Amino acid sequence: MNVLFNLPSRENALFRDEIDKTIKDVLDSGYYLLGAHVKAFEQEFADYCSVQHCVSVGNGTDALEIALRALGVRRGDEVITVANAGCYATTACNLIGAVPVYVDVSESDLLLDINKVNAAASPITRCVVATHLYGQAVDVPALRDALDQAGHSDVTILEDCAQAHGAMMHGRMVGGLGDVATFSFYPTKNLGALGDGGAIVSNNEQTAQTCMQLRQYGWQGKYESTLPLGRNSRLDELQAAILRVKLKALPTLNARRQQAAAYLQQHCHGIVEVVTHASPAYVGHLFVVRHPQRQLIRDELAYHGIATDIHYPVLDTDQPAMQMQPFRSMGLDRSIAATAEIFSLPCYAGITDDELEHIGKVFDLYIAKMV
Ligand SMILES: *Cc1c(COP(=O)(O)O)cnc(C)c1O
């Protein structure tokens, strides 16, 4: 049996009729950008995240860049983040000319270690990007407390929720825990479009208003550009209409991911170390494990038809492009050690019980005897 790493087409097949119908609606409506579907989706997604405002944009990286600018991050300012989260926040910083300052992660979940943030802060720190990596949630209220207690009340928090649509922390949805939050609707995300898409959510009206202007030429009104550094980054009507269909099913899709992750966790237990543990703060975006003999295990899984991947194989600090950019990094021992050992198993809403059982069997019968 072959188990592919991810197959968003399976998930989209569940909504085939509704998607066909809504695409036809958009065609009939004659509105392609910033029309009724975008407006309705922004309202529905804000409600889902329990926040006041949602501004949809072209993708998750634009969302990061625009949200950082809306928080007042400028060239030369420092932004604290982690180095193991795929370089997206770093890319946004590079576009602004802001300087990423990397802190290490917690051993248990490989998320931003909030105890390391204050030591990294400087007088030019403007923001902390807390990435809810793998579908797990950073304890943002605890991060806020830590910053405040150290006298850093002026440092803002941006939640990168691109892997964590629907994750809960202290009974609250991610997205409303910091000053602003960003999402991606790339097809393999927990809420995925049939192409690119992104959103920024916030409870701060001014922040949302600035994002709305920055996504469209800096316009305050039609042809009236009042903010510099605006650009064009819009979610289109077709993607918004499709996302509206899938948003209704997001709790079900996340539940299936969590169920798949729980099954995998049972079969990995005692064989490889599980990074992503079951909890309401984990929506199963990726199921990540680690082992010193990663390559041996991945090869055996591949022999049995099971695809795996590494999230992520290179720290931001080691990316060739970053050798030409300014950054600071604190001690990253745990990030470095994890990068050499982590790998991800197939875990997505469209995975079948048969596929999960096959992975479970291969762990029980083969991997357990090898390592
Ligand atoms: C996918 C992702 C992004 C970027 O989203 P795009 O829509 O691909 O630009 C940003 N941050 C994280 C953590 C992601 O996983």
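Read the figures in this text as sums done on the coordinates, not as results from a lab. What you are looking at is a predicted structure, and each value in this text was computed from that prediction instead of being measured. Counting neighbours? That spans all protein chains shown, and the Cβs are built from the backbone with ideal geometry, glycine included.
Full-extension gain between Lys39 and Ala150, please, as 0.36 nm times their residue separation minus the C-alpha to C-alpha distance. Don't jump to the answer; show the numbers that get you there.
Numbers: separation 111, 0.36 × 111 = 39.96 nm, distance 4.02 nm.
The Lys39-Ala150 span can extend by a further 35.9 nm.
Less than 16 Å apart at the alpha-carbon level, and either on another chain or at least 8 residues along: which lysines does that give for Lys361?
Lys369
Using a 10 Å cut-off on Cβ atoms, rank the peptides 312-318, 17-23 from the highest mean neighbour count down.
Highest-to-lowest ranking by the protection proxy: 312-318, 17-23.
With an 8 Å Cα cut-off and a minimum separation of 6 or more residues, compute the relative contact order for the chain in percent. All intermediate terms of the calculation are to be shown ahead of the outcome.
Details: 776 pairs, mean separation 88.9, N = 371.
Across the chain, relative contact order equals 24 percent.
Residue separation times 0.36 nm, minus the C-alpha to C-alpha distance between His277 and Ala340: what's the value? If you can, show how the numbers build up before the last one.
Numbers: separation 63, 0.36 × 63 = 22.68 nm, distance 1.99 nm.
Gain on stretching His277 to Ala340: 20.7 nm.
What number, rounded to the nearest 500 deg cm²/dmol, is the helix-based mean residue ellipticity at 222 nm of the chain, given -39500 (n - 2.57) per DSSP H run of at least four residues and division by all its residues? Working shown, then result.
Values: 13 runs with 135 residues, N = 371.
Value at 222 nm, helices only: -11000 deg cm²/dmol.
Once the piece of chain linking Ala249 and Met324 is laid out straight, how much longer is it, given 0.36 nm per residue of separation minus the C-alpha distance between them?
Numbers: separation 75, 0.36 × 75 = 27.00 nm, distance 4.34 nm.
The Ala249-Met324 span can extend by a further 22.7 nm.
When a/c reaches 1.5 or more, the comparison of a/b and b/c decides; with that in mind, is the chain rounded, prolate or oblate per its Cα gyration tensor? Let's see the in-between values first.
Values: a/c = 1.98, a/b = 1.18, b/c = 1.68.
Since a/c reaches 1.5 but b/c is at least a/b, the shape of the chain is classed as oblate.
Of Lys39/Lys246; Lys116/Lys189; Lys39/Lys222; Lys21/Lys246, which sit over 20 Å apart, Cα to Cα?
Values: Lys39/Lys246 16 Å; Lys116/Lys189 29 Å; Lys39/Lys222 17 Å; Lys21/Lys246 13 Å.
Table pairs above 20 Å Cα-Cα are Lys116/Lys189.
Quickly work out the Asp28-to-Ser108 label distance, labels modelled 7 Å from Cα along the C-beta direction, and quote it in nm with one decimal.
Spacing of the two 7 Å Cα→Cβ label points: 5.3 nm.
Note down the nm distance, to one decimal, between modelled labels 7 Å out along Cα→Cβ at Asp354 and at Thr226.
Calculated label separation equals 6.0 nm.
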